[in-house]
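A short write-up of the structure that comes next.
The values are calculated or read from the model by the stated rules, or taken from the named source; none is laboratory data. Note that this is a predicted model, so its numbers are computed, not measured. As a convention, Cβ positions derive from the backbone with ideal geometry for all residues, glycine included, and neighbour counts pool all protein chains shown.
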Amino acid sequence: MVLVSDLMDRADLGVQAVLLPAPRAALTWVVATELLQPASYLEGGELVLTTGLVMADAEAGTWREYVASLVEAGVAALGLGTGIAFDTVPEDLREACRIGRLNLLEVPLEVSFASISREVGAMLQTAEPEIGAEGAGDEETLVLQQLTRAAAKDNQSAIMRALASIRPGGGIPAGRRGAHRGRPLRSGGYGDRRRGRRVHRQDPSGRDARSRGGRAR
(Lines give C-alpha, C1' and ligand atoms only; values in the text may rest on other atoms or scores of the structure.)
Protein backbone atom coordinates (compact mmCIF):
# COMPACT_ATOMS: atom_id res chain seq x y z
CA MET A 1 0.00 0.00 0.00
CA VAL A 2 1.31 3.45 -0.96
CA LEU A 3 0.20 6.46 1.05
CA VAL A 4 0.27 10.15 0.16
CA SER A 5 2.82 10.63 2.93
CA ASP A 6 5.15 8.20 1.12
CA LEU A 7 5.43 10.70 -1.72
CA MET A 8 6.71 13.28 0.76
CA ASP A 9 9.47 10.85 1.76
CA ARG A 10 10.68 10.78 -1.84
CA ALA A 11 12.65 13.99 -2.24
CA ASP A 12 13.68 12.87 -5.72
CA LEU A 13 10.07 13.18 -6.90
CA GLY A 14 10.23 16.95 -6.44
CA VAL A 15 6.64 17.15 -5.19
CA GLN A 16 5.97 19.63 -2.39
CA ALA A 17 3.26 19.41 0.26
CA VAL A 18 0.94 22.41 0.55
CA LEU A 19 -1.76 20.84 2.75
CA LEU A 20 -1.84 17.31 4.17
CA PRO A 21 -5.04 16.89 6.21
CA ALA A 22 -5.10 13.16 5.37
CA PRO A 23 -1.48 12.05 4.84
CA ARG A 24 -2.39 8.35 5.24
CA ALA A 25 -4.80 8.39 2.31
CA ALA A 26 -3.99 5.43 0.07
CA LEU A 27 -2.99 5.98 -3.55
CA THR A 28 -4.34 3.78 -6.32
CA TRP A 29 -3.00 5.58 -9.41
CA VAL A 30 -2.06 8.92 -10.96
CA VAL A 31 -4.35 10.79 -13.33
CA ALA A 32 -3.33 13.92 -15.22
CA THR A 33 -6.29 15.95 -16.46
CA GLU A 34 -7.26 19.48 -17.39
CA LEU A 35 -11.00 18.82 -17.23
CA LEU A 36 -13.06 21.18 -15.15
CA GLN A 37 -15.20 18.26 -13.97
CA PRO A 38 -13.01 15.13 -14.00
CA ALA A 39 -14.84 13.26 -11.23
CA SER A 40 -16.91 11.15 -13.65
CA TYR A 41 -13.69 9.55 -14.92
CA LEU A 42 -12.24 8.73 -11.50
CA GLU A 43 -12.65 5.65 -9.33
CA GLY A 44 -11.16 6.82 -6.02
CA GLY A 45 -7.70 6.95 -4.47
CA GLU A 46 -6.09 8.81 -7.37
CA LEU A 47 -3.47 11.53 -7.27
CA VAL A 48 -4.98 14.04 -9.69
CA LEU A 49 -2.44 16.23 -11.47
CA THR A 50 -3.41 19.42 -13.29
CA THR A 51 -1.87 22.68 -14.43
CA GLY A 52 -5.20 24.41 -13.84
CA LEU A 53 -5.36 25.89 -17.33
CA VAL A 54 -9.17 25.89 -17.35
CA MET A 55 -9.16 27.49 -13.89
CA ALA A 56 -6.88 30.41 -14.71
CA ASP A 57 -9.59 32.99 -13.99
CA ALA A 58 -11.58 30.91 -11.53
CA GLU A 59 -13.25 32.54 -8.55
CA ALA A 60 -13.35 31.08 -5.05
CA GLY A 61 -16.72 29.40 -5.63
CA THR A 62 -15.44 27.58 -8.71
CA TRP A 63 -12.47 26.21 -6.78
CA ARG A 64 -14.78 25.03 -4.00
CA GLU A 65 -16.99 23.18 -6.49
CA TYR A 66 -13.96 21.65 -8.19
CA VAL A 67 -12.45 20.40 -4.94
CA ALA A 68 -15.82 19.19 -3.64
CA SER A 69 -16.26 17.04 -6.76
CA LEU A 70 -12.82 15.48 -6.24
CA VAL A 71 -13.60 14.76 -2.60
CA GLU A 72 -16.90 13.17 -3.64
CA ALA A 73 -14.99 10.95 -6.09
CA GLY A 74 -12.68 9.80 -3.29
CA VAL A 75 -9.49 11.36 -4.69
CA ALA A 76 -6.46 10.90 -2.43
CA ALA A 77 -4.67 14.12 -3.37
CA LEU A 78 -4.59 16.99 -5.86
CA GLY A 79 -1.31 18.10 -7.36
CA LEU A 80 -1.18 21.52 -9.03
CA GLY A 81 1.57 22.06 -11.56
CA THR A 82 2.84 25.61 -11.14
CA GLY A 83 4.70 27.71 -13.67
CA ILE A 84 2.12 27.57 -16.48
CA ALA A 85 -1.29 28.91 -15.49
CA PHE A 86 -0.23 29.78 -11.93
CA ASP A 87 3.12 30.90 -10.55
CA THR A 88 2.10 29.75 -7.08
CA VAL A 89 -0.77 27.74 -5.60
CA PRO A 90 -3.83 30.08 -5.49
CA GLU A 91 -5.06 30.97 -2.02
CA ASP A 92 -8.63 30.13 -3.06
CA LEU A 93 -7.52 26.59 -3.92
CA ARG A 94 -5.73 26.25 -0.60
CA GLU A 95 -8.87 27.32 1.22
CA ALA A 96 -11.09 24.96 -0.79
CA CYS A 97 -8.80 22.02 0.03
CA ARG A 98 -8.68 23.04 3.68
CA ILE A 99 -12.47 23.04 3.84
CA GLY A 100 -12.76 19.75 1.94
CA ARG A 101 -9.81 18.16 3.80
CA LEU A 102 -8.19 17.21 0.50
CA ASN A 103 -4.44 16.73 0.34
CA LEU A 104 -2.90 19.45 -1.83
CA LEU A 105 0.53 19.18 -3.46
CA GLU A 106 2.55 21.52 -5.64
CA VAL A 107 4.39 20.22 -8.68
CA PRO A 108 7.12 22.66 -9.83
CA LEU A 109 7.52 23.34 -13.54
CA GLU A 110 10.70 21.29 -13.81
CA VAL A 111 8.93 18.15 -12.57
CA SER A 112 7.00 16.34 -15.29
CA PHE A 113 3.68 14.67 -14.64
CA ALA A 114 4.97 11.65 -16.55
CA SER A 115 7.84 11.15 -14.10
CA ILE A 116 5.46 11.28 -11.13
CA SER A 117 3.12 8.78 -12.78
CA ARG A 118 6.00 6.44 -13.58
CA GLU A 119 7.48 6.55 -10.09
CA VAL A 120 4.15 6.15 -8.29
CA GLY A 121 3.36 3.20 -10.56
CA ALA A 122 6.68 1.62 -9.60
CA MET A 123 5.97 2.24 -5.91
CA LEU A 124 2.57 0.59 -6.21
CA GLN A 125 4.03 -2.43 -7.98
CA THR A 126 6.75 -2.79 -5.35
CA ALA A 127 4.37 -2.43 -2.42
CA GLU A 128 1.82 -4.98 -3.66
CA PRO A 129 3.71 -8.23 -2.86
CA GLU A 130 4.86 -6.88 0.51
CA ILE A 131 1.39 -6.98 2.07
CA GLY A 132 1.50 -9.59 4.84
CA ALA A 133 -0.23 -9.95 8.19
CA GLU A 134 1.00 -6.57 9.34
CA GLY A 135 0.08 -4.97 6.05
CA ALA A 136 -3.39 -6.47 6.24
CA GLY A 137 -3.84 -4.88 9.66
CA ASP A 138 -2.76 -1.53 8.27
CA GLU A 139 -5.25 -1.91 5.42
CA GLU A 140 -8.08 -2.66 7.85
CA THR A 141 -7.22 0.48 9.82
CA LEU A 142 -7.14 2.50 6.62
CA VAL A 143 -10.51 1.14 5.49
CA LEU A 144 -12.04 2.06 8.84
CA GLN A 145 -10.63 5.57 8.49
CA GLN A 146 -12.01 5.85 4.97
CA LEU A 147 -15.43 4.65 6.12
CA THR A 148 -15.45 7.14 8.97
CA ARG A 149 -14.56 10.07 6.70
CA ALA A 150 -17.06 8.98 4.04
CA ALA A 151 -19.86 8.55 6.57
CA ALA A 152 -19.15 11.94 8.10
CA LYS A 153 -19.52 13.52 4.65
CA ASP A 154 -22.48 11.29 3.69
CA ASN A 155 -20.40 10.17 0.68
CA GLN A 156 -22.25 7.05 -0.50
CA SER A 157 -19.83 6.31 -3.36
CA ALA A 158 -16.81 6.38 -1.04
CA ILE A 159 -18.61 4.16 1.47
CA MET A 160 -19.34 1.57 -1.24
CA ARG A 161 -15.71 1.61 -2.39
CA ALA A 162 -14.41 1.11 1.15
CA LEU A 163 -16.84 -1.73 1.80
CA ALA A 164 -16.00 -3.41 -1.51
CA SER A 165 -12.30 -3.38 -0.61
CA ILE A 166 -12.87 -5.65 2.41
CA ARG A 167 -15.25 -8.15 0.83
CA PRO A 168 -13.86 -11.73 0.99
CA GLY A 169 -12.37 -12.64 -2.36
CA GLY A 170 -12.24 -9.05 -3.53
CA GLY A 171 -14.91 -6.48 -4.10
CA ILE A 172 -16.88 -5.54 -7.16
CA PRO A 173 -16.15 -1.91 -8.14
CA ALA A 174 -19.16 0.33 -7.74
CA GLY A 175 -20.24 2.82 -10.36
CA ARG A 176 -20.78 6.52 -9.91
CA ARG A 177 -24.20 6.01 -8.30
CA GLY A 178 -23.37 2.82 -6.44
CA ALA A 179 -24.38 0.50 -9.31
CA HIS A 180 -22.00 -2.42 -9.80
CA ARG A 181 -20.02 -2.46 -13.03
CA GLY A 182 -20.12 -6.25 -13.12
CA ARG A 183 -22.13 -9.08 -11.62
CA PRO A 184 -20.97 -12.58 -10.68
CA LEU A 185 -22.32 -15.45 -12.70
CA ARG A 186 -24.17 -17.84 -10.39
CA SER A 187 -25.78 -21.16 -11.23
CA GLY A 188 -29.42 -20.53 -11.98
CA GLY A 189 -28.83 -16.77 -11.78
CA TYR A 190 -27.74 -14.02 -14.11
CA GLY A 191 -25.55 -16.32 -16.21
CA ASP A 192 -28.48 -18.65 -16.98
CA ARG A 193 -30.96 -15.88 -17.70
CA ARG A 194 -29.01 -14.24 -20.49
CA ARG A 195 -31.34 -13.76 -23.47
CA GLY A 196 -33.77 -16.33 -22.05
CA ARG A 197 -31.35 -19.14 -22.90
CA ARG A 198 -32.79 -22.62 -22.19
CA VAL A 199 -30.58 -24.65 -19.85
CA HIS A 200 -30.69 -28.23 -18.59
CA ARG A 201 -29.62 -29.49 -15.21
CA GLN A 202 -30.47 -32.40 -12.98
CA ASP A 203 -32.58 -32.31 -9.85
CA PRO A 204 -31.47 -34.28 -6.72
CA SER A 205 -33.32 -37.39 -7.96
CA GLY A 206 -31.15 -37.50 -11.07
CA ARG A 207 -33.93 -36.51 -13.48
CA ASP A 208 -33.44 -33.72 -15.96
CA ALA A 209 -35.11 -30.49 -14.99
CA ARG A 210 -35.76 -28.08 -17.81
CA SER A 211 -35.54 -24.46 -16.88
CA ARG A 212 -35.90 -21.23 -18.67
CA GLY A 213 -34.36 -18.19 -17.02
CA GLY A 214 -33.02 -20.36 -14.17
CA ARG A 215 -36.51 -21.46 -12.95
CA ALA A 216 -37.35 -25.20 -12.98
CA ARG A 217 -40.57 -26.17 -14.72
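Annotations for the structure displayed:
- Whichever residue in segment 39-49 is of a type outside the set (Phe, Trp, Tyr) and assigned to a helix (DSSP H, G or I) and, among such residues, is surrounded by the most Cβ atoms within 10 Å (Cβ to Cβ): Ala39
- The lone criterion from (1) aliphatic (A, V, I, L, M); (2) more than 17 Å from the chain's Cα centre (by Cα); (3) at pLDDT 60 or above; (4) in a helix (DSSP H, G or I) left unmet by Leu147 is number (2).
- Filter result for Leu35 (over 11 Å from the mean Cα position of the chain (by Cα) and hydrophobic (A, V, I, L, M, F, W, C)): yes
- In segment 10-31, the residues that are closer than 16 Å to Ala114 by Cα reach residues that are outside any loop (DSSP other than H, G, I, E, B) and polar (S, T, N, Q) with C-beta atoms within less than 7 angstrom, at least six apart or across chains, in these pairs: Val30/Ser117.
- Qualifying positions in segment 53-77 - in contact with a Leu (Cβ under 6 Å, 6 or more places away or on another chain) and within 14 Å of Glu91 (Cβ to Cβ): Trp63, Val67
- Taking the numbered list (1) in contact with an Asp or Glu (Cβ under 7 Å, 6 or more places away or on another chain); (2) assigned to a loop (DSSP other than H, G, I, E, B) in turn, Glu110 passes all entries but (1).
- Residue satisfying condition, being under 18 Å from Val2 (Cα atoms) and free of Cβ contacts under 8 Å to residues at least 60 places away in the same chain, within set Glu128, Glu59, Glu34, Glu91: Glu128
- Selection within segment 1-38 - in a loop (DSSP other than H, G, I, E, B), of a type in the set (Val, Ile, Thr) and under 15 Å from Thr51 (Cα atoms): Val15, Thr33
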